[in-house]
């Protein structure tokens, strides 16, 4: 808090003080010293001439008058506008809303106390001669960090933009491909510090910082995804959102089902052995087991899904590709299945959409 400074009297004033002193002594000598003391006492409730508080001349004011005058001046500061910006958001607030206060009464008390720092003769001189003492006192402003933090917390909620995770998913039978987005958050501690500094500096504006929030799941983190579109009889392999390969396939014939949903590759086989899954129905006329070779229904490569009995595999029946011809599996040309096979690790997500 800046304290008041009492100016020094010019040398030319010395004779005036001396004259007043002589006059006072003369009065006292005439037996009226008591009257002089009564005059000093009666003026004690008023501020000496030349005292300025917060730029307000409070000369000859009572304490209440000075408090009112200085409060009005301090209120101009408290009601001023501070523009606070964060990204695309801007708030216009007053220092008072942010908890700033003015200690007017203490400074007015200090103004009154200027008289106490002078001798009786000097006080009488300044009052009778209306001679300024040249004392200037600043008002001390207080800051409420809790109020600043409260504003920052409100601003934090307004500017917050959550990060968006990358996602490839089947939602209501539609393929959703959501790219990741960086979020935004307020740097709360630094924001409070900057606002406090702006109040202390009587600044008109201040920028408070934001930080970026990275998504937990990036496009790279998605890894590989196989999407089978039953309406198009197509298979697409993605790495993140990038298309790596596209193939024509065959899917379930009428009366059978290639299951719609989200699945996973749980196993993969080169030159697989075929085990008849329907000995008592459509596979009744087929062997229970067919070893690897040209007649194997799975071709030379097979990817096993966690949907029972469903595989992505090659087929020697090339004419069926692009049609609805299987008992539920996803058929590929032999060459395509061999090309796809090394690109798809166990654990790869498989989305089958209608």
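Summary of computed values
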item	result
Selection from the stretch 41-69 of residues that are at positive phi, free of Cβ contacts under 8 Å to residues at least 40 places away in the same chain and over 50 Å from the mean Cα position of the chain (by Cα)	60
Count of the stretch 106-142 residues which are within 30 Å of residue 192 (Cβ to Cβ), out of contact with any helix residue (DSSP H, G or I) (no Cβ under 6 Å at 6 or more places or on another chain) and surrounded by 14 or more Cβ atoms within 10 Å (Cβ to Cβ)	4
Condition check for residue 163: more than 30 Å from residue 46 (Cβ to Cβ) and touching a strand residue (DSSP E or B) at 6+ places or on another chain (Cβ under 8 Å)	yes
Helices (runs of 4 or more DSSP H) wholly inside the stretch 116-220 containing at least 2 residues that are touching a residue at least 12 places away in the same chain (Cβ under 8 Å), outside the structural domain of residue 262 (by TED's automatic domain parsing) and over 30 Å from residue 101 (Cα atoms)	120-128
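Here's the yes/no breakdown for (1) more than 50 Å from the chain's Cα centre (by Cα); (2) farther than 18 Å from residue 224 by Cα; (3) part of a strand (DSSP E or B):
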{"residue": "251", "(1), (2), (3)": "no, yes, yes"}
{"residue": "254", "(1), (2), (3)": "yes, yes, no"}
{"residue": "262", "(1), (2), (3)": "no, no, yes"}
{"residue": "272", "(1), (2), (3)": "yes, yes, no"}
{"residue": "294", "(1), (2), (3)": "yes, yes, no"}
{"residue": "312", "(1), (2), (3)": "no, no, yes"}
{"residue": "332", "(1), (2), (3)": "yes, yes, yes"}
{"residue": "335", "(1), (2), (3)": "yes, yes, no"}
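The values are calculated or read from the model by the stated rules, or taken from the named source; none is laboratory data. It should be emphasised that the depicted structure is a prediction, and the values quoted were computed from it without experimental measurement. We place every Cβ from the backbone using ideal geometry, glycine too, and count neighbours over all the protein chains shown.
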